[in-house]
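A quick write-up on the structure given underneath.
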Amino acid sequence: MSIESVLHENRVFEPSADFVKNANVSGMSAYNALCKEATDDFQGFWAKLARELLVWNKPFTKTLNEDNAPFYKWFEDGELNVSANCLDKHLNTIPNKVAIIFEADDGSVTNVTFKELYHRVCQFANGLKKLNLTVGDRVIIYLPMGIDAVVAMQACARLGLTHSVVFGGFSAKSLNERIIDAGAVAVITSDGQFRGGKALPLKPAVDEGIAMGGCESIKNVVVLKKTGQEITWNQNGNANNIWWHDLIAGQADTCEPVMLSAEHPLFLLYTSGSTGKPKGVQHSSAGYLLHAMNSMRWTFDVKDNDVFWCTADVGWITGHTYVAYGPLAMGVTQVVFEGIPTYPDAGRFWQMIQKHKVSIFYTAPTAIRSLIKASETTASTHPKSYDLSSLRLLGSVGEPINPEAWMWYYENVGGGHCPIVDTFWQTETGGHVITPLPGATSLVPGSCTLPFPGIDIDVVDETGKDVPWGTGGLLVIKKPWPSMIRTIYNDPERYKSSYYPVDLGGKIYLAGDGAVRDAKTGNFTIMGRIDDVLNVSGHRLGTMEIESALVSNPLVAEAAVVGKPHDIKGESVVAYVVLKGQRPEGEELKKIVAQLRDWVGKEIGPIAKPDEIRFGDNLPKTRSGKIMRRLLRSLAKGEEITSDISTLDNPAILDQLKEVVK
Ligand code: PRX
């Protein structure tokens, strides 16, 4: 997809009269009224929502504290517990309503009601109490998707333990780095996980990660028996290993929630930035949950009888906000899925929508694009082969959705009558910041449309000045908002310089994406990251992270990594490598490519493996020694280099780097 094709998009889809009539935000006049309310009395707008949606143990009196900006505090003198807001609150109203319909990799289904989930969370929380954890301790969760992952997160929230979920696809090394940075005291993991019909190990990565050193803070490793595969026991330093089932044995199934300050850190979630080291994005309790709930209400228009399904793993922010917290707090039934979209075949999503009568479906463009391709070759996996009439709303997240994929999703999955909410947001924003509201906004394929009410988002130039609509620039948020990142754990200076840079005046949040607003409608189109962050299949990866992984290999002298457009993954990873020895050839070359790909897989995780590796005697550099990434990006795309290369120190290198290893 080119930005051009998005900018010239003139198809517009209005919400149906019926949808508008029943919507939680009904019509553009309602949307405009909310935006006006937020403009007229910014703090009053959020305070009213926080009183309406959250259950407070101690009400707040102060809405926003800007004294130490950009370290904003919201509702700071209020007290509440997030888990009580997700579970206890429902015990008198909807105890027997299904909270989670869990479908395992093998297709088996388990339903859990709100009351049952409450008891499971309480029992596990009581188990955790035996481990002498204190409020604010960091706990790593390294679990496969499933009810237990939600239970673990909720149990931490109940006790005021700050969780940090690490996606099961990250390596032992990534786990090790996160444990050290977070100073975590416990890891909650499982023996293994099921994916696509296979049982894959998980616990060995924890053992290996801890054994890499620096993890003395870890006192306990709790292990869920999931696959039943052989694991080693107590092989990780001084940490005590204990089965999850032994930890909860005999524990009571009620547990008083610990009341915490609104600003208490609910979780850290590590994400990639422009330097080699992932950053621990720290979120609050009250402000975070408020936006999780309100976006469920306004963006997803949730009603009591909806069946909501967000396909994201809890290892990512989407799985935090729209699996582990938002749906539970709103009392909506949700589907939680352990497997992958292509197992047993590429009809899995559609079959599950049909089976569970899903009404709201939220997934990533990369999944849609891969399923389009599959359905073209195998008719039985085409959405039209399934009864998807339960659907009323579709969502997209994580990366730009190209208009062609949008139209396919709209027509083939949504039957031409379900609005699509293309939600733009980030790990740092906690929830949606630009998105259509389905009963109000006119939809334009490829555009995430308009700001969420109360989010003061705009496009500025490099000095922080507004640019006119129709002109591209930097995406920024001009006022704080309740679900915003509070800091980067252990690195407040990096928080300030990454998100509130002085070049922009130090008072506005820099998202890290380029964007343009439509000259007539003001609709936003995201033009991709402006920093060295790649978006591969909706997963955020830092080029520097992959580069440092490559140069840590003894064979490698230097490496540069760029993204290349990919029709399914959005972007793919291309690495340019200078070896310490000779530039390899033939079979040797292939062997080294495989070796380096595996190396990156071990250093970061399989998602970061370069799709392509090219070798040179050197990298294209300016005379001052700066790598010319612009040229590397052009070479990756196979473009002829026509631009001025007179500043290049070693032009001959370009020919070597054109060579693609097959
Ligand atoms: O570049 C934007 C892209 O994903 C980045 C955030 O990645 P992460 O923190 O991993 O969170 C992903 C899930 C919220 C953004 O800076 N992005 C996310 N949603 C969209 C998007 N790009 C275009 N359109 C979107 N809807």
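The values are calculated or read from the model by the stated rules, or taken from the named source; none is laboratory data. Since the model is a prediction, treat every value here as computed from it, not as a measurement. Please note: Cβ atoms are built from the backbone with ideal geometry, for glycine as well, and neighbour counts cover all protein chains shown. These area figures cover heavy atoms from the full protein model, side chains too; ligands, DNA and RNA do not enter into them. Shrake-Rupley method; radii C 1.70, N 1.55, O 1.52, S 1.80 Å.
Candidates are the residues of the range 511-552 that are part of a strand (DSSP E or B) and open to solvent by 50 Å² or more (accessible area, probe 1.4 Å); the one that is farthest from the ligand (Cβ to nearest atom) is Met527.
Looking at Lys73, is it closer than 28 Å to Gly160 by Cα, open to solvent by 30 Å² or more (accessible area, probe 1.4 Å) and not hydroxyl-bearing (Ser, Thr, Tyr)? Let's see the steps before the verdict.
Working: closer than 28 Å to Gly160 by Cα: yes; open to solvent by 30 Å² or more (accessible area, probe 1.4 Å): yes; not hydroxyl-bearing (Ser, Thr, Tyr): yes.
Against the criterion (closer than 28 Å to Gly160 by Cα, open to solvent by 30 Å² or more (accessible area, probe 1.4 Å) and not hydroxyl-bearing (Ser, Thr, Tyr)), Lys73 qualifies.
Leu391 passes every criterion in (1) within 26 Å of Arg529 (Cβ to Cβ); (2) away from the ligand (no atom under 13 Å from the Cβ); (3) crowded, with 20+ Cβ neighbours inside 10 Å apart from (1). If you check Leu635, Leu619, Leu596 for being out of contact with any strand residue (DSSP E or B) (no Cβ under 7 Å at 6 or more places or on another chain) and crowded, with 18+ Cβ neighbours inside 10 Å, only one passes: Leu635.
Condition check for Lys357 on (1) at negative phi; (2) open to solvent by 10 Å² or more (accessible area, probe 1.4 Å); (3) away from the ligand (no atom under 16 Å from the Cβ): one failure, at (1). Listed by first and then second residue, the pairs linking a residue in the range 263-274 that is in contact (Cβ under 8 Å) with a residue 60 or more places away in the chain to a residue that is among the aromatic types (Phe, Trp, Tyr) and more than 10 Å from the ligand (Cβ to nearest atom), with Cβ atoms under 6 Å apart and 6 or more places separating them unless they lie on different chains, are Leu266/Tyr288; Leu268/Tyr489.
Cβ separations smaller than 6 Å between residues 6+ apart or across chains give the following pairs from the range 642-662 residues that are within 12 Å of Leu631 (Cα to Cα) to residues that are open to solvent by 60 Å² or more (accessible area, probe 1.4 Å): Ile645/Pro651. Scanning the range 394-407 for residues that are charged (D, E, K, R) and either within 13 Å of the ligand (Cβ to nearest atom) or surrounded by 24 or more Cβ atoms within 10 Å (Cβ to Cβ) (or both) yields a total of 1. When you scan the range 217-227, do you find a residue that is more than 24 Å from Gln154 (Cα to Cα), touching a residue at least 40 places away in the same chain (Cβ under 8 Å), open to solvent by 10 Å² or more (accessible area, probe 1.4 Å) and in contact with an Asp or Glu (Cβ under 9 Å, 6 or more places away or on another chain), even just one? Within the range 217-227, not a single residue is more than 24 Å from Gln154 (Cα to Cα), touching a residue at least 40 places away in the same chain (Cβ under 8 Å), open to solvent by 10 Å² or more (accessible area, probe 1.4 Å) and in contact with an Asp or Glu (Cβ under 9 Å, 6 or more places away or on another chain). Counting only residues that are within 16 Å of the ligand (Cβ to nearest atom), open to solvent by 10 Å² or more (accessible area, probe 1.4 Å), farther than 14 Å from Val150 by Cβ and not hydrophobic (A, V, I, L, M, F, W, C), how many does the range 284-317 have? Of the residues in the range 284-317, 1 are within 16 Å of the ligand (Cβ to nearest atom), open to solvent by 10 Å² or more (accessible area, probe 1.4 Å), farther than 14 Å from Val150 by Cβ and not hydrophobic (A, V, I, L, M, F, W, C). Against the conditions (1) of a type outside the set (Val, Ile, Thr); (2) in a strand (DSSP E or B); (3) within 12 Å of the ligand (Cβ to nearest atom), Lys564 satisfies every one except (3).
Given the structure, is Val281 assigned to a strand (DSSP E or B) and away from the ligand (no atom under 16 Å from the Cβ)? Full working, then the answer.
Values: assigned to a strand (DSSP E or B): yes; away from the ligand (no atom under 16 Å from the Cβ): no.
No; evaluated as a whole, the condition is false for this residue.
Per the conditions (1) within 21 Å of His283 (Cβ to Cβ); (2) outside any helix (DSSP H, G or I), the sole criterion not satisfied by Thr61 is (1). When the range 408-425 is limited to residues that are in contact (Cβ under 8 Å) with a residue 60 or more places away in the chain and part of a helix (DSSP H, G or I), the one that is least open to solvent (accessible area, probe 1.4 Å) turns out to be Val413.
Number of residues in the range 351-361 that are under 22 Å from Thr299 (Cα atoms) and not basic (Lys, Arg) equals 6. Has the range 376-386 got at least one residue that is open to solvent by 10 Å² or more (accessible area, probe 1.4 Å), aromatic (Phe, Trp, Tyr), more than 15 Å from the ligand (Cβ to nearest atom) and modelled with pLDDT of 95 or more? The answer is yes; a qualifying residue exists. Within the range 413-422, can one find any residue that is within 11 Å of the ligand (Cβ to nearest atom), farther than 27 Å from Trp350 by Cα and in contact with a helix residue (DSSP H, G or I) (Cβ under 8 Å, 6 or more places away or on another chain)? Within the range 413-422, not a single residue is within 11 Å of the ligand (Cβ to nearest atom), farther than 27 Å from Trp350 by Cα and in contact with a helix residue (DSSP H, G or I) (Cβ under 8 Å, 6 or more places away or on another chain). Residues in the range 426-446 that are within 11 Å of the ligand (Cβ to nearest atom) and hydrophobic (A, V, I, L, M, F, W, C) were compared, and the one that is surrounded by the most Cβ atoms within 10 Å (Cβ to Cβ) is Val433. Scoring Lys591 on the criteria (1) surrounded by fewer than 17 Cβ atoms within 10 Å (Cβ to Cβ); (2) touching a helix residue (DSSP H, G or I) at 6+ places or on another chain (Cβ under 8 Å); (3) within 19 Å of Gly616 (Cβ to Cβ) leaves a single failure, condition (2). Checked against the criterion of being under 19 Å from the mean Cα position of the chain (by Cα) and assigned to a helix (DSSP H, G or I), the range 392-406 contains not a single residue that satisfies it. No other residue among Lys173, Lys130, Lys115 is closer than 30 Å to Ala549 by Cβ, open to solvent by 30 Å² or more (accessible area, probe 1.4 Å) and either of a type in the set (D, E, K, R) or out of contact with any helix residue (DSSP H, G or I) (no Cβ under 7 Å at 6 or more places or on another chain) (or both) apart from Lys173.
The set of residues in the range 29-62 that are hydroxyl-bearing (Ser, Thr, Tyr) and open to solvent by 20 Å² or more (accessible area, probe 1.4 Å) comprises Ser29, Thr39, Thr61. If the condition is being within 16 Å of the ligand (Cβ to nearest atom), touching a residue at least 40 places away in the same chain (Cβ under 8 Å), open to solvent by less than 10 Å² (accessible area, probe 1.4 Å) and not small (Gly, Ala, Ser), then the range 469-498 contributes Leu475, Ile477, Trp481, Met484, Ile485, Ile488, Tyr495.
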